[in-house]
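Below is one structure, written out as structure tokens; the observations come after it.
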Amino acid sequence: MDTFLHLMNGGAGNLAAYLAAHVLLCLLPAFFIAGAMAALIPKASITRWLGRNTPYRVSYPAAAAAGSLLAVCSCTIVPLFAGIYKKGAGLGPAITFLFFAPAGNILALAYTGSILGAEFAFARFVLCLLFGIGIGLLMAVLFWRDDASHDAQTDTLFAEQASIGPAATGVLLSLVAVLIAGTLKLWPLTAALGAITLPLPWAEAWQATLFQWVPFDAAKGEEGVSVQGSLLIALLLLIAVTAWKGLENIVEGANRWTWIALGLTAATLVVAALRLTPRADGLEVALTGRALAVVLAMAAVLHHARRLDADAWRGWLWEAWRFVKQIFVLLVVGVFVVGVVRQLIQPEWIQTLAGRNDLMANAVAVLFGVFMYFPTLVEVPVAHMFLDLGMHRGPLLAYLMADPELSLQSILMVAAVIGRPKTSAYVGLVAVFSILAGLVYGAWVDGVNPVWIAVGLAAFVGGLVAMLGWMLRRRVATAHA
Amino acid sequence: MKTVKILGPGCANCRKLEAVAREAATSAGIEAEFVKVTDMKAIMAYELLSTPGLVVDEKLVSSGRIPTQAEIRQWITA
């Protein structure tokens, strides 16, 4: 019984820590950005660059951009992947798109940054972009005959043109400003501009009760629940109730609950950006530069959103709400389970297996990523757990690259579209490249001279360009033969 | 009798689209047969780049979004 309580406590503690201010300031805006991308960016504005006759130097970056901007959910990933492969630019760009989508989308980036650090998110982004294009090119080279056989088909699907409107651009940029204002750890955002003390004498006692409910060990990297955290959790529960009534049928129009839910969301962001400290005489509320910046950025969002037409903003809110329903619930359960499991894993195991940045450790990390399937974004708290338990950051990156790419589910899906031989090649390449990425980033963390890393990556890119040249010559030669 | 196909692997938007389309048919007083297409190969036979897709009598009328009831009523009464 004691063990059970201990495990439950670990789960609850982990969950409470993940609902703390800094995570919400990243996640809430990220959900709205993801919704805006899905609803407000016309797909044709990017897919027009993915047609059959687009040159390689355009189609590969466009495929990466599509992965980053259009593919926040599986509704788009599979059809777009199959479409690019069969009716558009071909196997290479399709693979680049598929590989980059889980790592390059806004939710994954923002969440990785807030949990594992901005530097880590940046490394994940850059290495996934580079290796995504690399794997795409390699696949195109390996199976160059295959694309040639598709050339006869038409690509009317990719002929449509569209561009993103000024109001939608304004909404997207100001949402990104909310995200940046909420998460960047820089002066003047962190400065306190003034403080007032609310006469709430029970604040300190409430804090003590919270620490008693969710005991934590700062040495193990655990966070407790603060007074601010408890307020945020209460606000989140209120949003959950009101959003259900206000956003479920938003496509048909807004109602009173819609505005209440949105108001509560804005209030949550402001509370998360303030600094609340319980004192003997009450609750000290410090107005931070961050709170001011968040309010200004939200005002900008409102200003631009008012210029959207009804269909556009309803679509935007619906997509944002859909992401919350689809991802947030699983994330909450996942974080709880991770907290429970963490109590059962001995740090020595992880340190022995993956405490250093060598080939073995990276291979083990990738293997774990292939055989484990976690719902969207849950791979991030899992990675955080490994980091706390002493995993080296190199293998950690290798794991984070392999896990969302290679689950049994995604492998089956890819096999249904491109067939078994190509899928095996793809899985092999992803495994090799993830290990490589882990080794490179691990070397960077260990302080290896950046010049060497740059030389290595440049040699890699050079090799790819040479291979591409060879492939083009082969195709031209075959066409003439 | 109209045949309405909902194309999508079973994501939230596909279920929502089916609900909206059924309501639209009921409110327009039209009898329609609803078919859910979840097989990826069958979906890709239509010209679309993102799901959910709505097909009325074998013609793709919308994809990648959830149309309003009014729009769907127009398509199925046309």
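The values are calculated or read from the model by the stated rules, or taken from the named source; none is laboratory data. Every value quoted in this text rests on a predicted model; they were computed, and no experiment measured them. With ideal geometry, Cβ positions are generated from the backbone for all residues, glycine too; neighbour counts draw on all protein chains shown.
Across segment A:360-373, a minimum of one residue is classified as of a type in the set (Ser, Thr, Tyr) and either touching a Pro at 6+ places or on another chain (Cβ under 7 Å) or within 28 Å of A:LEU15 (Cα to Cα) (or both).
The test for being among the β-branched types (Val, Ile, Thr) and either in contact (Cβ under 8 Å) with a residue 60 or more places away in the chain or in contact with a strand residue (DSSP E or B) (Cβ under 9 Å, 6 or more places away or on another chain) (or both) does not hold for A:THR258. Only one entry of A:ARG279, A:ARG256 meets the criterion of being away from chain B (no Cβ under 14 Å), surrounded by fewer than 21 Cβ atoms within 10 Å (Cβ to Cβ) and closer than 30 Å to B:GLN69 by Cβ, and that entry is A:ARG256.
Among residues of segment A:82-121 being of a type in the set (Phe, Trp, Tyr) and closer than 16 Å to A:HIS384 by Cβ, the one that is nearest to the other protein chains (Cβ to nearest Cβ) is A:TYR111.
Note on segment B:1-53: residues that are in contact with a Leu (Cβ under 8 Å, 6 or more places away or on another chain) and among the charged types (D, E, K, R) amount to 2. Of the helices (runs of 4 or more DSSP H) that lie entirely inside chain B, those containing 2 or more residues that are away from chain A (no Cβ under 14 Å) and in contact (Cβ under 8 Å) with a residue 40 or more places away in the chain span B:12-28, B:69-77. Considering every residue within segment A:200-210, establish whether at least one is of a type in the set (S, T, N, Q), modelled with pLDDT under 90 and touching a helix residue (DSSP H, G or I) at 6+ places or on another chain (Cβ under 8 Å). Yes, the conditions are met somewhere in segment A:200-210. Looking at A:ALA21, A:ALA17, A:ALA65, A:ALA82, just one residue is of a type outside the set (Ser, Thr, Tyr) and closer than 19 Å to A:LEU173 by Cα, and that residue is A:ALA65. Here is the figure for segment A:8-51: residues that are within 14 Å of chain B (Cβ to nearest Cβ) and outside any helix (DSSP H, G or I) total 7. Evaluated against (1) at pLDDT below 90; (2) assigned to a helix (DSSP H, G or I), A:GLU223 falls short on exactly one condition, (2).
Here A:TRP313 fulfils each of the conditions (1) within 14 Å of chain B (Cβ to nearest Cβ); (2) under 28 Å from A:SER226 (Cα atoms); (3) surrounded by 20 or more Cβ atoms within 10 Å (Cβ to Cβ) apart from (2).
Residues of segment A:229-248 that are more than 20 Å from B:ALA12 (Cβ to Cβ) and either of a type in the set (Asp, Glu) or in contact with a strand residue (DSSP E or B) (Cβ under 9 Å, 6 or more places away or on another chain) (or both): A:LEU231 alone.
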